[in-house]
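See structure below.
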Amino acid sequence: MILHCTQKLAARIPFAINLPDAGAERNAPAHPLSSWHGHLLTLDRRQCVLFCHDDARYVLFLPGLRAPQLAELGRWHRELFLAVLEAQGLAHHHIANASLRLGPLQMDRNTDRSVLASMNRVAGDLQFGLLRETANVMELDPIKTSLWLNDRPCTVHKTWIWPDKAMREIVEHL
């Protein structure tokens, strides 16, 4: 799995010194689950991470991460992704196959403006939608929040998609 980190997230990851620069070439992903973007948000003075799948715009939300947890970002992404797929109702054999296909975490700083724009919209939905109803960001359940964020239409290069349905289709066709 390739995680394209924003500068803000790359600055907080302990081993991010050796990440390739944004000017590096983008290679085609090896399989449909391999390319994600990661961004660090500060909500209620807490570090939160948003992951966004490049093609499906499927979003995962992790609130309140600390420095030791950021060092294990790949594990946190895998666990949350599989838990959200299970909560979405996918069959266990599809989830197990998706787990095997994710592979080890590789990071770079090569970001796509279209994906970043989608993540910016999601950050606004979090900040001005869910957080207005909740006293503290730490009260948000990552699985329920991720499901809520994916149950909305969005555009990918002028095409309207539903992220939850697009990811379901990707995982079922692996």
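General observations
- Cα-only Debye scattering, the chain: base-10 log of I(q)/I(0) at q = 0.15 Å⁻¹: -0.83
- Pairwise label distance in nanometres, E72 with Q127, each label 7 Å out on the Cα-Cβ vector: 3.0 nm
- In plain terms, the chain from R45 to H92 could stretch by 13.2 nm, reckoned as 0.36 nm per residue minus the Cα-Cα distance.
- Remark: S146, S35 ranked as S35, S146, counting other beta-carbon atoms within 10 Å and listing the fewest first.
- Antiparallel content of DSSP bridges confined to the chain, in %, to 5: 70 percent
- Under 18 Å from the K165 label point (7 Å along Cα→beta-carbon), backbone N, segment 33-66: 55-59
- Cα centroid separation, segment 116-144 to segment 50-88: 14 Å.
- Sequence-distant contacts, meaning Cα pairs under 8 Å at least 6 residues apart, place the relative contact order of segment 2-172 at 30 percent.
Laboratory data are not the source of any read-out in this text; all were calculated from the coordinates shown. All values derive from a computational prediction rather than experimental measurement. So basically every Cβ, Gly included, is an ideal-geometry build from the backbone, and we count neighbours across all protein chains shown.
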